[in-house]
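Data first, discussion second: the structure below is written as structure tokens.
The values are calculated or read from the model by the stated rules, or taken from the named source; none is laboratory data. Keep in mind that this is a model prediction, so the values were computed, not measured. Here the Cβ positions follow ideal geometry from the backbone for every residue, glycine too, while neighbour counts run over all protein chains shown.
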2 protein chains.
Amino acid sequence: MYMRDRSSKTASYSVDVIPVTAMGNELAVLFARNSTERERWSLPWKIPQTGEMLDAAAARVADDALGESPAWMEQIGAFGDGKRHPSDADVSIAFVGLVPHETATPRTGYAWFPMRDLPPLSPRQRAMIESARRTIEGRLDQAPIAFRLLPATFTLSELQQIYELLLGKRLHKASFRRALQAAWLVEPTEEWRSEGRGRPAQLFRYAPKKRRRPQRGVRFDFLYP
Amino acid sequence: MYMRDRSSKTASYSVDVIPVTAMGNELAVLFARNSTERERWSLPWKIPQTGEMLDAAAARVADDALGESPAWMEQIGAFGDGKRHPSDADVSIAFVGLVPHETATPRTGYAWFPMRDLPPLSPRQRAMIESARRTIEGRLDQAPIAFRLLPATFTLSELQQIYELLLGKRLHKASFRRALQAAWLVEPTEEWRSEGRGRPAQLFRYAPKKRRRPQRGVRFDFLYP
DNA sequence: TGACTTTAGTCACATAAAGTGACTAATTCG
DNA sequence: CGAATTAGTCACTTTATGTGACTAAAGTCA
């Protein structure tokens, strides 16, 4: 295991990844089993080589854990508060990654934990996971990240469930579909899927079309000073 | 000047600050004159002490440059692409800060540069500044950052000009004021200011009132896949 | 089989938000 | 004084969003 001299004057960092997926009807995060304390878990991380790009290092961390790179990944910042961290680095540069649950099988030594039932973690790791959750929620209306949690084809009800999960509230079916229609983001396939009870649902795929920029004015949507 | 061994295995970082203000009718960034090459400028930075919080280090960097801490500051991430940087650190952890132009007087060795006429910079510094610009624009409807570029009292026309500057487009006066009214963010003072020609304008202050959370559904507002 | 339940998909109307031009008000300039 | 300039407001239009009710196609079960 990597160790460094705490008295060194150089401020050091590690690259940590928060891999997120949608398991059932809640979000889940991937953890790596601790090599020394077998009952402890931590977010996957590494100390990048000199000259290695940050996002490349993060992609490698995710790949080592899942055998594939996340469908979407974004840096969520550097975290320096809280003392203990597996890497012993002063700060963690964190990335959040989204993977569809269907194709994401963790390698041995890694496991998914539902967001609401995480293993014991250091304050820094809890802060990073909370920041990841907020980043996902905030990106939702800025980038098509919800589709990155679904397989290539999906029903509109599945898509709506993902949005309800990420937003933490129910959405009205008609409003959701009208907005989706207006956004030209999905197109229907020829296939239908019967889930047992109820009318079969048509399968759609993510296929964004060009459209004009919605020219809106200002928004004062924030709540807190 | 701080130097470190490039062959060291420890990945190192510096803390860089992008201080932003509104000068006339465009944004400006504060730079520090390079100590060795007198004609070069760079963003203010430092290597934090071990154990020093990142935001505390950033506040100190800004304070050294301006004699005051920014009215608003936020970390915008870690930047590792691009080779040359004054600090010689592998990555820069960047913070964007907003200061009202009226009270922000740079110390000797520092100067404001308008966004559209920046001095020659390394790719990494250009990337950080561009990211700062995007962060400001994106935060605009999530936090009251526009008020952080204005003095304590201001006219609604001044406020609208700040928004037009940050959004890069003209806004309709009536729409702007209607939205502002609905947001309960400002309250009028007893003072009026005459700018020479035209009717005098009433002065307002930033005084947010509590209000219910705007319960909106989904937004598919993004343009790019 | 046929009534009932369940999920998918759509419609029409009501309400809320945003875009827009035109108006009045108060000041300076000539 | 009257034109020009900036502030502030109004009323109307257009667009977006909220919402309940409807039809459609499947399974369940007496």
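Of note:
- Where a residue in segment B:55-72 is of a type in the set (K, R) and its partner, wherever it lies, is outside any loop (DSSP other than H, G, I, E, B), with Cβ under 9 Å and at least six apart: B:R60/B:V15; B:R60/B:K46
- Here B:A94 fits the description: touching a helix residue (DSSP H, G or I) at 6+ places or on another chain (Cβ under 6 Å) and not in a helix (DSSP H, G or I).
- Meets criteria (exposed (fewer than 12 other Cβ atoms within 10 Å of the Cβ), of a type in the set (A, V, I, L, M) and within 16 Å of DNA strand C (Cβ to nearest atom)) for B:A201: no
- Scanning segment A:146-167 for residues that are more than 10 Å from every other protein chain (Cβ to nearest Cβ) and within 15 Å of DNA strand D (Cβ to nearest atom) yields A:T155, A:L156, A:S157.
- Those residues of segment B:37-92 which are β-branched (V, I, T) and more than 15 Å from the chain's Cα centre (by Cα), in sequence order: B:I47, B:T50, B:V91
- Some residue of segment A:120-131 being farther than 30 Å from A:T36 by Cα and within 12 Å of chain B (Cβ to nearest Cβ): no
- Selected residue (criterion: surrounded by the fewest Cβ atoms within 10 Å (Cβ to Cβ)) from residues of segment B:179-196 that are more than 10 Å from DNA strand D (Cβ to nearest atom) and away from every other protein chain (no Cβ under 14 Å): B:E190
- Segment B:93-119, residues that are within 14 Å of chain A (Cβ to nearest Cβ) and in contact with a Gly (Cβ under 8 Å, 6 or more places away or on another chain): B:I93, B:A94
- Whenever a residue of segment B:139-155 is within 18 Å of A:R134 (Cβ to Cβ), its partners that are in a loop (DSSP other than H, G, I, E, B), lying with C-beta atoms within less than 6 angstrom and at least six residues away or across chains, give the pairs B:R139/B:I145; B:D141/A:R219; B:D141/A:D221; B:Q142/A:F222; B:A143/A:F222.
- Verdict on B:E158 being within 14 Å of DNA strand C (Cβ to nearest atom) and more than 30 Å from A:Y163 (Cα to Cα): no
- Among residues of segment B:162-178, those that are more than 21 Å from the chain's Cα centre (by Cα) and more than 7 Å from DNA strand C (Cβ to nearest atom), counted: 3
- Flag for B:R126 being under 30 Å from A:W72 (Cβ atoms), within 22 Å of the chain's Cα centre (by Cα) and more than 16 Å from DNA strand D (Cβ to nearest atom): yes
- Filter pass, B:K169 being surrounded by fewer than 15 Cβ atoms within 10 Å (Cβ to Cβ) and in contact (Cβ under 8 Å) with a residue 12 or more places away in the chain: no
- Here the condition is being part of a loop (DSSP other than H, G, I, E, B) and at pLDDT 95 or above; of B:P19, B:P70, B:P86, it holds for B:P70 alone.
- Verdict on A:A146 being small (G, A, S) and surrounded by 15 or more Cβ atoms within 10 Å (Cβ to Cβ): yes
- Any chance B:L54 is more than 24 Å from A:G77 (Cα to Cα) and within 13 Å of chain A (Cβ to nearest Cβ): no
- Scoring A:F176 on the criteria (1) more than 10 Å from DNA strand D (Cβ to nearest atom); (2) surrounded by 15 or more Cβ atoms within 10 Å (Cβ to Cβ) leaves a single failure, condition (1).
- Within segment B:18-58, the only residue that satisfies the criterion of being of a type in the set (S, T, N, Q), closer than 20 Å to B:E130 by Cα and out of contact with any Phe, Trp or Tyr (no Cβ under 7 Å at 6 or more places or on another chain) is B:N25.
- Long-range neighbours under 7 Å by Cβ, at least six apart or interchain, first residue free of Cβ contacts under 8 Å to residues at least 60 places away in the same chain and within 20 Å of B:Y163 (Cα to Cα) within segment B:179-196, second more than 7 Å from DNA strand C (Cβ to nearest atom) and assigned to a helix (DSSP H, G or I): B:V186/B:L180
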